[in-house]
Amino acid sequence: MESLVAINPKCKNNLEFKKMGSVKFGSTDVWFGLVELSQPNFDINNPKNDNYVLIKVKYFSCNYRDKSILLESYTSEKNENRLFFPFGSEFSAEIIKTGKNVKNLNVGDFVMPNCEYPNGLKPGIPSNYASLGWLKIHKSKIIKIPAYLSLEEAACFSLGSQTASSMIRRSGILKEGGNPVVFSARSATSIFIIRQLLIQGIKPICISTTSWKDYEKEYIYPCEVERLEDVSLQAMKRNITHVFDPFFDINIENAVNLLQIGGTYITCGLLNQHPLLTEKTPVENEPILRRALTMGVMKNISFIGNCLGTDADLQNAINLVEKSSVRPIIDKSYDVTQYLDFINRSFFNTNKIGKVPLIYH
């Protein structure tokens, strides 16, 4: 099958890469291309494969974290002998072979990731190399795709929905109630949070610095998109109890200022994940974090860090989709031959909303 990879520039002539092209990651030109990869050997009689499956990717998509992981691999290892660098953390795939201890999954089943964390035999994301096309995955790290999710939607679901479900559960808002704010509302994880809160009867305040088209606002109806300054003017009257934030490095100070005394702040990541993708240094961000934490102490705020979610969080997210018929948002799908457009829209187009899958033949 043809697989999309980043190409080590010193090895461009070592394999027959197709339609090579580059994309700027900050100041770094990253080369991409397609390479033909045959089905790898998977010996079902080898005990090392007893708890694994061989899968063939049908769709894959990238998350924000993939941009920094890819750039780090590309810059730190391009002087090594690696020919190329696969990437991508979500997929839908068909099972091609199964090990002897795999009982609940069969050849021909379609599966998607289970990003269970911190529990499980292999906690976290199943693979950072979904673009490779052929993957050997532990049986505990995949689940069958529900009948009401398409292969396209399934490749854009697990990480964001599992994280959102975990953040909502751990915030305590479902038991305590409250008036929540979701920062960076246009980000993929924030949209999952907003929609899951709405399904469960909680209407959050959605803060965004980007203009939304009318049809985009329908995705989070009846919520409205608000500017930070508008929320700030009314924060004392609104009694903000919870803040959900995907990017603490740009939002934490504003979030803490909005929260009432005894409020809860929960975050799952940061925007500037790689030094080559930002002009700011950690030292420059230190005063912001210092002010935020100082205010947090004065206001008795609970700070919660969240990484992914449990198996139960993923199942809850699946159940909410079944209950509500609210599908994952697909911004735009690309054929594998449109790989440069896919890279640019996945990582650098601020106007996209939802996820961007790539189709493998």
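The values are calculated or read from the model by the stated rules, or taken from the named source; none is laboratory data. These numbers were taken from a predicted model, which means no experiment stands behind them. Methodologically, a virtual Cβ is constructed for each residue, glycine included, from the backbone with ideal geometry; neighbour enumeration extends over all protein chains shown. Only protein heavy atoms, including side chains, enter the accessible area calculation; ligands, DNA and RNA are left aside. Shrake-Rupley method; radii C 1.70, N 1.55, O 1.52, S 1.80 Å.
Structure notes:
- Of the residues making up the stretch 45-66, those that are within 21 Å of the chain's Cα centre (by Cα) and over 20 Å from Gly133 (Cβ atoms) are Tyr64, Arg65.
- Residues being in contact with a strand residue (DSSP E or B) (Cβ under 7 Å, 6 or more places away or on another chain) and modelled with pLDDT under 55 - total across the stretch 271-303: 2
- Residues of the stretch 340-361 classified as touching a Gly at 6+ places or on another chain (Cβ under 8 Å) and part of a helix (DSSP H, G or I), total: 1
- Complete set of residues in the stretch 318-339 that are in contact with a strand residue (DSSP E or B) (Cβ under 8 Å, 6 or more places away or on another chain), in contact (Cβ under 8 Å) with a residue 40 or more places away in the chain and either outside any loop (DSSP other than H, G, I, E, B) or crowded, with 20+ Cβ neighbours inside 10 Å (or both): Pro328, Ile330, Val336, Thr337, Tyr339
- The listed residue being closer than 14 Å to Ser89 by Cα and either open to solvent by less than 30 Å² (accessible area, probe 1.4 Å) or part of a strand (DSSP E or B) (or both), out of Ser127, Ser166: Ser127
- Total residues in the stretch 36-69 satisfying the condition of being β-branched (Val, Ile, Thr) and more than 30 Å from Leu271 (Cβ to Cβ): the figure is 3.
- Just so you know, in the stretch 26-44 the residues that are in contact with a Ser or Thr (Cβ under 9 Å, 6 or more places away or on another chain) and either in a strand (DSSP E or B) or under 12 Å from Phe85 (Cβ atoms) (or both) include one that is most open to solvent (accessible area, probe 1.4 Å), and it is Glu36.
- Near pairs, Cβ below 7 angstrom, 6+ apart or cross-chain, from the stretch 254-281 (under 14 Å from Met295 (Cβ atoms)) to any residue that is open to solvent by 70 Å² or more (accessible area, probe 1.4 Å) and at pLDDT 95 or above: Ile261/Asn300; Gly262/Asn300; Tyr265/Phe303
- Within the stretch 63-92, being under 19 Å from Pro126 (Cα atoms), open to solvent by 10 Å² or more (accessible area, probe 1.4 Å) and part of a loop (DSSP other than H, G, I, E, B) holds for Asn63, Pro86.
- Filter result for Lys58 (assigned to a strand (DSSP E or B), of a type outside the set (Val, Ile, Thr) and either touching a residue at least 12 places away in the same chain (Cβ under 8 Å) or out of contact with any Phe, Trp or Tyr (no Cβ under 9 Å at 6 or more places or on another chain) (or both)): yes
- Criterion: within 22 Å of the chain's Cα centre (by Cα) and open to solvent by 40 Å² or more (accessible area, probe 1.4 Å) - qualifying residue of Lys213, Lys217: Lys217
- The stretch 172-191: number of residues that are under 16 Å from the mean Cα position of the chain (by Cα) and open to solvent by 30 Å² or more (accessible area, probe 1.4 Å): 1
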